[in-house]
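Following: one structure in structure tokens, then a few remarks.
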């Protein structure tokens, strides 16, 4: 292994879908780096990230698509991250800079956390520069004018895979609950919510900030529909104190 | 009351402190509106928000500072918001556009939720355009390379005023807990955390993204110190599964 000179390694959050929700910092970094690594999972094959960056007109030859298997079998994903890390480390050691792109924020339900682990297991001295991003939670709330939190309200963020059966308890403890990636368990979520009897303000948003953004307040109207991966539900407990 | 023509009303998140963490959309809106309303609470008198915008070189005469009393006496704050709303509605009715600035995100522990309530109680037909922002949680995690969430990890966001005594229970249920505005209850937080016996990765950040940003991993070293309002603690439960 060589040491200096080495390229910089960035984790860059590119926001939830609207190119205008890129930060100035993300734009600067994306324009300056040698390589733009795009994790290409089964969902969209990296095209969602590429589309967000279209207005920047970055040279196509700077993008490198990296297959990441998002299956529940973590050992498959582990091998993919290791292979990605080997490519990244080779570029860094050749003095070229690499940005790993993630929708939303790089440290929040993102592939970046895993690729960083893999890079640092090869080269523990790689210190990333991380550019935070606007998340789909904030973009969804903004699109619908849905207040997330007031004063000392607590907020729970829960991927639906964590288990929608926890929902009644969560709504007892938290003023607002954000449920991410609800597509695969949406009808069960409706059942649990109805059974809980908890009165809530509700919001469903898919593709927040993107041209195909869809906002639905009446969750029950979505029963039985095929919903996309980039979808979330916000629930705010209705109490006298909230208005 | 007149109806059309009317100016647009914006809630604009300007991010946590680093001017480069402004979004392209925030920059566009801030450059285009007639009025930039800056809520000036006791904390900094609006100067923190003004400083974030310094590189944009916006004309000083477009800023309007609005006193907001953040005391626990909500009726005082209510009067302040009502007065701010009257000024805003007058401008909108005169056809001038108004942006209400907030650090972080406008719908997340922000004055915007309250001023919007007050504006809509005067003019229910005012529909705001809301520009989401990067929060201090994501900026703090990015500054320290602290993973917020993996896979199906749940995350709890809790202002310290909600009660640090809930912490042991929260750490039992949530992989990561973000505690906001910890300045006034920091030493009690240390006591509760020590008593819980829960092993955690810990991170304290003040003024995330700003020049005076300070990052501390050893929370105990901060005991007895006077901490600023813009401060937070991230706690991630240490388990075999997290690495």
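Shape call for segment B:133-184 from the C-alpha gyration tensor, a ≥ b ≥ c root eigenvalues: rounded (a/c under 1.5), prolate (a/b greater than b/c) or oblate?
oblate
Listed from fewest to most Cβ neighbours within 10 Å, the set B:125, B:105 follows the order B:125, B:105. Scaling against 2.2 N^0.38 Å puts the C-alpha radius of gyration of the protein assembly as shown at 0.96.
Each copy carries a label point for residue A:217 at 7 Å from Cα toward Cβ; from one copy, the others' points are 4.8 nm away, ordered from shortest. Footprinting exposure proxy ranking of B:20, A:206, A:57, fewest other C-beta atoms within 10 angstrom first, gives A:57, B:20, A:206.
Most simply put, the protein assembly as shown has about 45% antiparallel DSSP beta bridges, counting only bridges with both residues inside it. By the equivalent-ellipsoid construction on the alpha carbon gyration tensor, segment B:136-242 comes out with semi-axes of 20, 17, 12 Å, ordered largest to smallest.
DSSP beta bridges confined to chain B are antiparallel in about 45 percent of cases.
Taking every DSSP helix (H) stretch of at least 4 residues in chain A, weighting each as -39,500 (n - 2.57) and dividing the sum by the residue count yields a mean residue ellipticity at 222 nm of -9000 deg cm²/dmol.
Value of Rg to Rh for chain A, rounded to two decimals, is 1.02; Kirkwood radius and Rg both from alpha-carbon coordinates. Placing one equal scatterer on every Cα of segment A:26-70 and applying the Debye formula, the log10 ratio I(q)/I(0) at q = 0.22, 0.23, 0.34 Å⁻¹ is -0.74, -0.80, -1.30. Taking a ≥ b ≥ c as the square roots of the Cα gyration tensor eigenvalues, with a/c under 1.5 meaning rounded and otherwise prolate when a/b beats b/c, else oblate, which class fits segment B:185-243? Here segment B:185-243 falls in the oblate category.
Relative contact order, percent, of chain A when contacts are C-alpha pairs under 8 Å separated by at least 6 residues? Relative contact order, chain A: 22 percent. With the label put 7 angstrom out from Cα along the Cα-to-Cβ vector, residue A:31 ends up 1.2 nm from the copy partners, going from closest to farthest.
Run through every distinct alpha carbon pair of segment B:9-131 and return the Kirkwood hydrodynamic radius in angstroms, one decimal place.
14.3
Exposure proxy ranking for B:47, B:140, B:152, A:185, based on other Cβ atoms within 10 angstrom of each Cβ and starting from the fewest, stands as B:47, B:152, A:185, B:140. The value of relative contact order for segment A:9-131, using C-alpha pairs under 8 Å at least six residues apart, is 41 percent.
Computed from the coordinates by the stated procedures, all read-outs in this text should not be read as laboratory data. Treat the numbers as computed from the prediction; the structure is a model and nothing was measured. Cβ atoms come from the backbone with ideal geometry, glycine included; neighbour counts cover every protein chain shown.
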